[in-house]
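Peer 1: Before anything else, here's the structure in question.
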């Protein structure tokens, strides 16, 4: 009788269960049927009731449960043929985004420097098991990790290369929310410079990843009796975190994939002060790059327009004209620091590093901006008042198209510094600038005598240092010292000769000079022609034919790190 009861009940549950049959669902049916079988024998919650059947009945239930599990294996766990198991097959069809599960890891340390003495906080992370087959076999699935990039965790922002590899290799992607963003707050007030110096550092980011990896490793060990392998991904700042996590914990993370990640923390200017003069020289080169729609004529036009804007800054009448043309408020351009803040990244409302040849908007890439600027150059008469007016109006037209005017007044530099010094604020701009002023000072200067196409200023570097000192009480000397220490600790572009780090860069990216562009023993580098800053890492590009070759190259490298003899398998319904 027990055999009949358990199999009938299990079959009924399996046939009425919504959705596809998986090993987890099948097991659940067996477990539910086993409880019913024991109840029929007179055993409820482990207690034998009055008038219960003989122990043979209970033994029969246990035997039936084993038979049910075996039936699950026969129905669901179809072994992968050896010829298919040894090779990861890239996706062929359009990609369907996975469904993510949201979790909190409440064992995260507020200050990893204190070890076990530190208080703990809850850090949000997301994961998905949709790429893992329903079959259940050894080895355990690899875990691919990434941390959010100076913002709350949004799964639309996950690295496309990580998802491509996870889909092909049956891995589990995990997306961790960076501390101090979203709901992942190690402290809830007093976001002052002293607390940030302790708690908002690259080292704390790395330790967060390592500690979460340990937590996930223990979860996997509980099911597979074998540890998973971890690969860490990232782009831009989080690519630097990924790179340095591999340098710091080579036994935890078997490899790191870093896209457009600046890792050289120290670049010396002529006066032996830390700065980054080559950034805007590369911006200039992009406007002259014919591969992406630029030209020497375009660079000349962009430079000329910004030169005219700069000349107008020198007189009250000129500043008044700029206020009128650009829709500014009176006094917005009177302070030299506000002039620098307003012009430091150009007057196009466009970041060259984000150049996307396929973008649809009027002036959203180099090619479309160049088309406009070259046309203006053809119409303008050199040296005339109308020439200056045409250039300024062209800049205003492009900027307004890319960053439409707002009714909100743009805060001047004094208001910005007051906002930063407020210990209640913890916004992106504040935390981004804090990292610049402490461990990684990427000061993209635009000084007289450089190739920078924007408004050139004498000693523009002083304005960067004034932000650090006025906002965070960090001196010029401290910036230089901490930057040098960061470079020493992680090795700059040498990566301290660490292997299994894949560096991917676009050759149009202005950050290129601070990134690893040459392959090193065990650590390959890929350069994508015509690409900007980590464009291929966007999920919106995952099915872009221009990047498919590079996704597959990433997959080849990651597959080699994992050395899978068979694709990893995970039963659905498991909880990380």
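Peer 1: Which FRET efficiency value, to the nearest 0.05, do you get for residue 496 and residue 114 by plugging their Cβ-Cβ distance into 1/(1 + (r/R0)^6) with R0 = 30 Å?
Peer 2: Taking R0 as 30 Å, the efficiency between residue 496 and residue 114 is 0.70.
Peer 1: Report, to two decimal places, the Cα Rg of the range 151-220 normalised by 2.2 N^0.38 Å (N = number of residues).
Peer 2: For the range 151-220, the normalised Cα radius of gyration comes out at 1.32.
Peer 1: Find the centroid of the Cα atoms in the range 426-480 and in the range 152-189, then give the distance between the two in whole Å.
Peer 2: Here the two parts' Cα centres lie 29 Å apart.
Peer 1: Hey, what did the range 194-331 get for relative contact order, percent, Cα under 8 Å, at least 6 apart?
Peer 2: Worked out over the range 194-331, it gives 12 percent.
Peer 1: If you build the convex hull over the alpha carbons only and average its shadow over all orientations, what do you get for the range 391-473? Give it in nm² to one decimal.
Peer 2: So the mean shadow area of the Cα hull is 7.3 nm².
Peer 1: Still on this structure: Normalising by the residue count of the range 345-490, find the relative contact order in percent from Cα pairs under 8 Å and 6+ residues apart.
Peer 2: Result for the range 345-490 is 20 percent.
Peer 1: Still on this structure, please answer the following. Cα centroid distance between the range 279-346 and the range 481-510, in Å?
Peer 2: After rounding, the separation between the Cα centres reads 32 Å.
Peer 1: OK, next. Could you calculate the FRET efficiency of residue 475 with residue 122 from 1/(1 + (r/R0)^6), where r is the beta carbon distance between them and R0 is 45 Å, rounded to 0.05?
Peer 2: For residue 475 and residue 122, the calculated efficiency is 0.80.
Peer 1: Another question, then. So if I average 1/r over every pair of distinct C-alpha atoms in the range 98-175 and take the inverse, what Kirkwood radius in Å does that give?
Peer 2: 14.0
Peer 1: Which value, to two decimals, describes the C-alpha radius of gyration of the range 291-343 once divided by 2.2 N^0.38 Å?
Peer 2: Compared with the compact-globule rule of thumb, the range 291-343 sits at 1.34.
Peer 1: Return a whole-number percent for the relative contact order of the range 179-261, with Cα pairs under 8 Å and 6 or more residues apart as the contact set.
Peer 2: Normalised by residue count, the contact order of the range 179-261 is 24 percent.
Here, each number is a calculation from the coordinates, and none is a lab measurement. None of the values given here were measured: they were computed from a predicted structure. Positions of Cβ are backbone-derived with ideal geometry, glycine not excepted, and every protein chain shown enters the neighbour counts.
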